[in-house]
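Inspection log for the structure reproduced underneath, given as structure tokens.
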Amino acid sequence: MSLGACAGETRTVMPHPELTPGARANLELARVQQIALHDYGVLNPDEFAGVAPDPGRRLIYVGTRAGTLLALSMETGEVVWEQQFPGAISSVPKLAADGELMLLGTDNGDLLAIELDTRKTRWSYSTLGTIRNEPLVRGGTVFVVNSRDQVFALELTTGAWRWQYEQPYPTEFTVHGHAGLSFLEAEVTQAPDQAASASGISAEAVLGEGGAAEDEEAETSGDAPAEGDDAAVAGSGAPSGAAPATGAAAAGGATATGAAAAGGAAATGATPASGAAGTGATPASGAAAPAAGAPSGKSGEAAGNGSTGGPSSPPSGTIFTGFSNGKVAAIGAQSGEPMWLANVAPPAGGDFVDADGTPLILTDRGELVVTGQSTGVYGLALSDGLQRWYRPLRGAGSVAAGPRGLMIVASALEGVFALEHGGRVRWRQQLNPGFVQTPLIVGDIAFIAHSDDGLLAYDVETGEFLANLNTGSGISGPPVYDGELGRFYTMSNRGMLVVFRTVEDDARGFVRGAAESVPSVR
């Protein structure tokens, strides 16, 4: 299963023993093809784009850092069509529910809506930061976040601006990447004092970083599950001195919604104050949203009449995301108003305080699982953002939900972890240094893309190392699974598209299709 390394490739010196091929029974190689040209001027190139399957047209779509969007035949890999765009494409294309539009983010900060039948760009919307996270579509609204900590709500059919929310962009060093968006169908319930607050936020939950929600003796090396109750430490592992602050205004982090934020006074319909993000009003100064809500750089049909002129209104519900300054926000999907803010940065602040993990929604527990780069993994109450549990873990990325209540999270600094509810460690496996993607869980197997080691596979229940599928140059983009065809798609850093087929293996409990226990919809 190991593919030969490209000539001239320089690999990182690994401090840990070389990985063995492991069990290969679950995957078999279907196809490898070069779709991006080599850039010999770059020693260690990265391809961050992901693949979007389109079973109806029997196509797959993938972008490259050269700005090329390719449509390939699912069966043969033949290039059916391609388009060139300014700026690298380092995102995963998103197909709208009707299958007629594709939404595509670029490193130039553009969100493009492409008509798949005509291949024409219906509209484009320009922002100030790169767009690498997959857009979120609900009803007739598309939500997108960029690297400048700005969240936008746009009309799906026209690209018309509806609202935006942002956090102040930090001046300190930040980590590569940014949290994506998670959507909850219901609106979080605000306390009476929150509803009465002029800014829409009466308290910022200040979360601690000391202490551990873990019995160290319960941690295993991956050979066998640890003993103990799933919720053995729920509520008991809050770090000392970490009680969230209540009743205090969110100084410096609050954003205005349809009002001026100066001095905390609200004036409905006013332009947001400088440095505050406007929602339901004229975009804040410096934001990439044109007057009257018309999309910037749009091509194709007319854009309608701004946020009130579209064919439908934004859906009710709540959007959750994290920001580079360590804040986590719950935002009303219909209004763009912040419902609550939490802070997962260290109390002393500093560099690399990002909350870059896309929040995981656990509706059955009423919890939101988030991560801080310098602190760890937190379980917050969906209703108010207050801390329920905490697990110290440096460099943690997005947390993925697995079967039987387990959660998988990867850190290039500390390895791969399986967490039980409440933050207790079920198992841990070490990783070599490098960039790691969000775990992809299919059945009982967790797949993790590593920028040097390729695609790694672990048993979700026990942590057993199952496979190392090395592409020769590592994988920085997210692996994508098509449950209908039982195929994995991934891009290597040298521009090779690698396709694997899944193979049934009753002994390991591997099943086709994504795990149905995942409660978070992104």
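Kindly list the number of the only condition in (1) within 25 Å of PRO93 (Cβ to Cβ); (2) buried (at least 20 other Cβ atoms within 10 Å of the Cβ) that fails for VAL377.
(1)
Quick check on my filter: what residues within segment 45-67 are at pLDDT 90 or above and among the basic types (Lys, Arg)?
The answer is ARG57, ARG58.
If you scan segment 439-469, which residues turn out to be under 20 Å from GLY486 (Cα atoms) and in a loop (DSSP other than H, G, I, E, B)?
The initial filter retains those residues of segment 439-469 that are under 20 Å from GLY486 (Cα atoms), namely 439-449, 454-460, 466-469.
Hits for segment 439-469 are PRO439, GLY443, ASP444, VAL460.
Looking at segment 68-87, which of its residues are more than 16 Å from LYS120 (Cα to Cα) and in contact with a strand residue (DSSP E or B) (Cβ under 8 Å, 6 or more places away or on another chain)?
If the condition is that a residue be more than 16 Å from LYS120 (Cα to Cα) and in contact with a strand residue (DSSP E or B) (Cβ under 8 Å, 6 or more places away or on another chain), then LEU72, SER73, MET74, GLY77, GLU78, VAL79, GLY87 are the ones that fit.
If I filter segment 148-164 for residues that are in a loop (DSSP other than H, G, I, E, B), free of Cβ contacts under 8 Å to residues at least 40 places away in the same chain, out of contact with any Pro (no Cβ under 6 Å at 6 or more places or on another chain) and closer than 28 Å to PRO479 by Cβ, do I get at least one hit? Before you say what the answer is, go through the steps one by one.
Step one: list which residues in segment 148-164 are in a loop (DSSP other than H, G, I, E, B), which gives 148-149, 156-160.
From what is left, the residues that are free of Cβ contacts under 8 Å to residues at least 40 places away in the same chain are 148.
Still in the list and also out of contact with any Pro (no Cβ under 6 Å at 6 or more places or on another chain): 148.
Then drop every residue that is not closer than 28 Å to PRO479 by Cβ, which leaves 148.
Looking through segment 148-164, at least one residue is in a loop (DSSP other than H, G, I, E, B), free of Cβ contacts under 8 Å to residues at least 40 places away in the same chain, out of contact with any Pro (no Cβ under 6 Å at 6 or more places or on another chain) and closer than 28 Å to PRO479 by Cβ.
One residue is enough: does segment 380-397 have a residue meeting the conditions farther than 19 Å from GLY477 by Cβ, within 14 Å of the chain's Cα centre (by Cα) and either assigned to a loop (DSSP other than H, G, I, E, B) or of a type in the set (D, E, K, R) (or both)?
Taking every residue of segment 380-397 in turn, at least one turns out to be farther than 19 Å from GLY477 by Cβ, within 14 Å of the chain's Cα centre (by Cα) and either assigned to a loop (DSSP other than H, G, I, E, B) or of a type in the set (D, E, K, R) (or both).
Restricting attention to segment 68-111, which residues are assigned to a loop (DSSP other than H, G, I, E, B), at pLDDT 90 or above and of a type in the set (D, E, K, R)?
GLU78, GLU100, ASP107, listed by residue number.
Does segment 12-29 include one or more residues that are under 27 Å from the mean Cα position of the chain (by Cα) and at pLDDT below 60?
First pass over segment 12-29, keeping only residues under 27 Å from the mean Cα position of the chain (by Cα): 12, 26-27.
Narrowing the set further to residues that are at pLDDT below 60 leaves 12.
For segment 12-29, residues under 27 Å from the mean Cα position of the chain (by Cα) and at pLDDT below 60: present.
Report every pair of residues separated by at least 6 positions or lying on different chains whose Cβ atoms are under 6 Å apart, first residue within segment 404-427 and closer than 22 Å to GLY366 by Cα and among the small types (Gly, Ala, Ser), second modelled with pLDDT of 95 or more and not in a strand (DSSP E or B).
Close Cβ pairs (under 6 Å, with a partner that is modelled with pLDDT of 95 or more and not in a strand (DSSP E or B)) amount to ALA418/LEU406.
Would you mind telling me which numbered condition in (1) touching a residue at least 40 places away in the same chain (Cβ under 8 Å); (2) farther than 25 Å from VAL344 by Cα GLY486 fails?
Going through (1) touching a residue at least 40 places away in the same chain (Cβ under 8 Å); (2) farther than 25 Å from VAL344 by Cα one by one, GLY486 breaks only (1).
Please pick out the residue among VAL370, VAL377 that is under 17 Å from VAL145 (Cβ atoms) and part of a strand (DSSP E or B). Explain how you work it out, then say what you get.
Values: VAL377 fails: under 17 Å from VAL145 (Cβ atoms).
Matching residue, one of VAL370, VAL377: VAL370.
So is SER335 polar (S, T, N, Q), more than 18 Å from the chain's Cα centre (by Cα) and surrounded by fewer than 19 Cβ atoms within 10 Å (Cβ to Cβ) or not?
Working: polar (S, T, N, Q): yes; more than 18 Å from the chain's Cα centre (by Cα): yes; surrounded by fewer than 19 Cβ atoms within 10 Å (Cβ to Cβ): no.
Taking the combined requirement at face value, the residue does not satisfy it.
How many residues does segment 412-446 contain that are farther than 22 Å from ASP356 by Cβ, in contact with an Asp or Glu (Cβ under 8 Å, 6 or more places away or on another chain) and not charged (D, E, K, R)? Full working, then the answer.
Here is the first cut: in segment 412-446, the ones farther than 22 Å from ASP356 by Cβ are 420-422, 424, 426-427, 442-445.
Within this subset, residues satisfying the condition of being in contact with an Asp or Glu (Cβ under 8 Å, 6 or more places away or on another chain) are 420-422, 424, 426-427, 444-445.
With not charged (D, E, K, R) added as a condition, the list becomes 421-422, 427, 445.
Residues flagged as farther than 22 Å from ASP356 by Cβ, in contact with an Asp or Glu (Cβ under 8 Å, 6 or more places away or on another chain) and not charged (D, E, K, R) within segment 412-446 amount to 4.
Yes/no per residue for (1) modelled with pLDDT of 95 or more; (2) aromatic (Phe, Trp, Tyr); (3) more than 27 Å from SER473 (Cα to Cα); (4) assigned to a loop (DSSP other than H, G, I, E, B):
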position	(1), (2), (3), (4)
VAL409	yes, no, no, no
LEU413	no, no, no, yes
PHE417	yes, yes, no, no
HIS421	no, no, yes, yes
ARG428	yes, no, no, no
ASN432	no, no, no, yes
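The values are calculated or read from the model by the stated rules, or taken from the named source; none is laboratory data. The model shown is predicted, which means the values in this text are computed figures rather than measured ones. Reconstructed Cβ throughout: ideal geometry from the backbone, glycine too, with neighbour counts over all protein chains shown.
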